[in-house]
Amino acid sequence: MTRDQALFQFLLRLGDSTLILSHRVSEWCGHAPVIEEDIALANTALDLIGQTQFWLELAGEVEGKGRSADDLAYLRDVWDFRNLLLVERPNGDFGKTLMRQFLFDAFQSLMLGKLLKSSDKRVADIAEKASKEVAYHVERSAGTVVGLGDGTPQSHTRMQAALDDLYPYVGEMFVSDAVDAVLIKVGIAPDPASLRADWDALVGRVMQDATLDIPKDAFTHKGGKTGTHTEHLGYILADMQFLQRAYPGAEW
Amino acid sequence: MYAQMVKTAGTGVKTPDEMSDQERAFQARIDAGEKIEPRDWMPDDYRATLIRQIGQHAHSEIVGQLPEGNWITRAPTLERKAILLAKVQDEAGHGLYLYSACETLGVSRDELIEMLHAGKMKYSSIFNYPTLNWADIGAVGWLVDGAAIMNQVQLQKTSYGPYARAMVRICKEESFHQRQGYSIMMKMAFGNAAQKAMAQDALNRLWFPSLMMFGPPDKDSVHSTQSMAWRIKINTNDELRQRFVDQTMPQMKYLGLTCPDANVKWNEDKGGYDYSDPDWDEFFAVLRGNGPCNKDRMAARVKAWEDGEWVRDGLMAHAHKNKIKNAAQVAAE
Ligand SMILES: [Fe+2]
Ligand SMILES: [Fe+2]
Ligand SMILES: [Fe+2]
């Protein structure tokens, strides 16, 4: 695998994850528990779309086949997507949506922290732009997880269920493979496995404040980063890509 | 206009003789163009009417998220998706400012929301129409935000201070929404045959409902006089509707779209367009709950509120625990 082939895959992993998570979060629009949350969720979805545009545009550039960020988002099929399985999980209740957000935000903030020092300046520049937003996201999602975990007995029960349900999708974030090996060597990206200890520490602190128990079972679902997805992604793409697929070549 | 057919409280405009000293002084301040502030004395009917009007406006912003939110996951490019997300986020923000303005009159946001859900308050009829193709998102920005601006620009001069100030903030964002909507319409109207058809279809369905946003014709508008005397309504429904048609027709011509009203025609003598009234029976049917989307809209809002109860309770319980913890800490020091 060449450096650019590996970088292309890595950028898709970043950009597809923010794209699909943004899609899921935007499904809340108009349906949140309070207006402040409607605003905050729309804001999160919007930030994630902005990040997607940066990552996928660079992916297209690195690939060198003239594909734009929109081409990549709208004209690939399921098997070409490289997002984490975690982000395609259905929203569930508000607590589950925020739990998924926090588990992802915690990872992304650590990943971006390392990418700030990437040997590829284009990657470092995007990480710089995204890291301020993500610092805010992780603070907010952590705060909500704590508030609901340590809220009423009902909110506690729901948050524990959310954590138990999503935890098997956490491990995939830290799996390293041949793509990572190439990028580690040239100093573009960190070994994802190396982020685990800091992630465990951050998530451990938040779950403690939230009075939630981290599941002991370490089973990990994998496949998203290499293109084997859950059944959900096909429906997400059917929605997302509808217009581009139904009216090929139209300008919008 | 997001506040249609707001029932004015009271028995009609009083003559100076019928007014108490307080009422006379109040009316004099309004006539002098002064702003009324939350702590000032105001007639009960003025307060009640404003609560209805601002509350209805706030509810409209919130329910208005739904027809546009309907297309966020299907927006055709990342850029369009981002713009639409930002717009819908603005609308929720407008709802928030307006509920806050309403709270200065002594009614809480939760009470207002519960009144909406119980069918005791309304939101604009326009949001009971569906968004069926992508051009609807353009047409909503162009026509619906356009009509809203027409009304809200005048309300920047309304007599109640918090409402007037909320309007100033909101109007800036609404004109951005309108421009974005028109930009979608241009892409569609100047696009391929299918896109042109979508643009025309959206216009066909949304034209008359947009005219309804200004409320019934002046001759049937029973509530206007008192509200105008109080300056919580500045222009009449027909004045605003005329202004809207005059502004919109040249834009429609530029897009090369056909107005679904075959009678729309420039009238040199009046210096404005003649146009047909919308079907007022349909308008009243929509207000009574029989629009194409009333049931879906209310069901979605009620579900969001009920499903969110455990979240609101949980966050409140946590805030309460923190308060006790902090107080205990202070006491221990
Ligand atoms: Fe608005
Ligand atoms: Fe609006
Ligand atoms: Fe708007």
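The values are calculated or read from the model by the stated rules, or taken from the named source; none is laboratory data. Treat the numbers as computed from the prediction; the structure is a model and nothing was measured. Don't worry about glycine lacking a Cβ; one is built from the backbone with ideal geometry, like all the others, and counts go over all protein chains shown. Heavy atoms of the whole protein, side chains included, go into the accessibility calculation; ligands, DNA and RNA do not. Shrake-Rupley method; radii C 1.70, N 1.55, O 1.52, S 1.80 Å.
Okay, here's what the table says:
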{"quantity": "Index of the failed condition, A:Ala32 passing every other in (1) at the interface with another protein chain (Cβ under 7 Å from one of its Cβ atoms); (2) open to solvent by 10 Å² or more (accessible area, probe 1.4 Å)", "calculated": "(2)"}
{"quantity": "Which numbered condition B:Trp71 fails, given (1) within 16 Å of ligand 2 (Cβ to nearest atom); (2) part of a helix (DSSP H, G or I)", "calculated": "(2)"}
{"quantity": "Residues being open to solvent by 10 Å² or more (accessible area, probe 1.4 Å), of a type in the set (S, T, N, Q) and within 11 Å of ligand 1 (Cβ to nearest atom) - total across the stretch B:61-97", "calculated": "1"}
{"quantity": "Residue among B:Gly181, B:Gly191 that alone is within 16 Å of ligand 2 (Cβ to nearest atom), at negative phi and touching a Phe, Trp or Tyr at 6+ places or on another chain (Cβ under 9 Å)", "calculated": "B:Gly181"}
{"quantity": "Residue check for A:Tyr247: at negative phi, open to solvent by 70 Å² or more (accessible area, probe 1.4 Å) and either at pLDDT below 95 or not hydrophobic (A, V, I, L, M, F, W, C) (or both)", "calculated": "no"}
{"quantity": "Residue within the stretch A:69-89 that is closer than 21 Å to B:Leu66 by Cβ and more than 8 Å from every other protein chain (Cβ to nearest Cβ) present", "calculated": "no"}
{"quantity": "B:Lys120 open to solvent by 10 Å² or more (accessible area, probe 1.4 Å) and more than 16 Å from ligand 1 (Cβ to nearest atom)", "calculated": "yes"}
{"quantity": "Enumerated helices (runs of 4 or more DSSP H) restricted to the stretch B:230-333, each holding at least 1 residues that are within 14 Å of chain A (Cβ to nearest Cβ)", "calculated": "B:294-307, B:309-332"}
{"quantity": "Any chance B:Gly272 is more than 22 Å from B:Tyr2 (Cα to Cα), in contact with a helix residue (DSSP H, G or I) (Cβ under 8 Å, 6 or more places away or on another chain) and either basic (Lys, Arg) or surrounded by 14 or more Cβ atoms within 10 Å (Cβ to Cβ) (or both)", "calculated": "yes"}
{"quantity": "Filter pass, B:Met213 being under 24 Å from B:Asp279 (Cα atoms), out of contact with any Asp or Glu (no Cβ under 9 Å at 6 or more places or on another chain) and crowded, with 20+ Cβ neighbours inside 10 Å", "calculated": "yes"}
{"quantity": "Near pairs, Cβ below 8 angstrom, 6+ apart or cross-chain, from the stretch B:173-192 (near ligand 3 (Cβ under 9 Å from one of its atoms)) to any residue that is part of a helix (DSSP H, G or I) and polar (S, T, N, Q)", "calculated": "B:Glu174/B:Gln152"}
{"quantity": "Any hit, the stretch B:288-296, residues being loosely packed, with under 12 Cβ neighbours inside 10 Å and either of a type in the set (Asp, Glu) or touching a residue at least 40 places away in the same chain (Cβ under 8 Å) (or both)", "calculated": "no"}
{"quantity": "Test: residue in the stretch B:142-150 that is open to solvent by 10 Å² or more (accessible area, probe 1.4 Å), more than 12 Å from ligand 1 (Cβ to nearest atom), more than 14 Å from chain A (Cβ to nearest Cβ) and in contact (Cβ under 8 Å) with a residue 12 or more places away in the chain", "calculated": "yes"}
{"quantity": "Residue count, the stretch B:12-23 (criterion: without any contact (Cβ under 8 Å) to a residue 60 or more places away in the chain and either surrounded by 14 or more Cβ atoms within 10 Å (Cβ to Cβ) or touching a strand residue (DSSP E or B) at 6+ places or on another chain (Cβ under 6 Å) (or both))", "calculated": "3"}
{"quantity": "From the options B:Ala32, B:Ala58, B:Ala9, B:Ala3, residue that is at pLDDT 95 or above, open to solvent by less than 30 Å² (accessible area, probe 1.4 Å) and not acidic (Asp, Glu)", "calculated": "B:Ala58"}
{"quantity": "Where A:Gly223 falls short, out of the listed (1) open to solvent by 20 Å² or more (accessible area, probe 1.4 Å); (2) farther than 30 Å from B:Leu315 by Cβ; (3) in contact (Cβ under 8 Å) with a residue 40 or more places away in the chain", "calculated": "(1)"}
{"quantity": "When residues of the stretch A:196-218 are limited to those that are in a loop (DSSP other than H, G, I, E, B), at pLDDT 95 or above and open to solvent by 40 Å² or more (accessible area, probe 1.4 Å), the one nearest to A:Arg140 (Cα to Cα)", "calculated": "A:Thr211"}
{"quantity": "All positions within the stretch A:219-238 that are in a helix (DSSP H, G or I) and either under 19 Å from the mean Cα position of the chain (by Cα) or of a type in the set (Lys, Arg) (or both)", "calculated": "A:Gly224, A:Lys225, A:Thr226, A:His232, A:Leu233, A:Gly234, A:Tyr235, A:Ile236, A:Leu237"}
{"quantity": "Test result for B:Ala101, in a helix (DSSP H, G or I), away from ligand 2 (no atom under 13 Å from the Cβ) and closer than 20 Å to A:Ala32 by Cα", "calculated": "no"}
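Results for (1) open to solvent by less than 50 Å² (accessible area, probe 1.4 Å); (2) closer than 16 Å to B:Leu84 by Cα; (3) within 14 Å of chain A (Cβ to nearest Cβ); (4) within 14 Å of ligand 1 (Cβ to nearest atom), shown as yes or no for each residue.
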| residue | (1), (2), (3), (4) |
| --- | --- |
| B:Pro162 | yes, no, no, no |
| B:Arg165 | no, no, no, no |
| B:Ser175 | yes, yes, no, yes |
| B:Gln180 | yes, yes, yes, yes |
| B:Gly191 | yes, no, yes, no |
| B:Lys196 | no, no, yes, no |
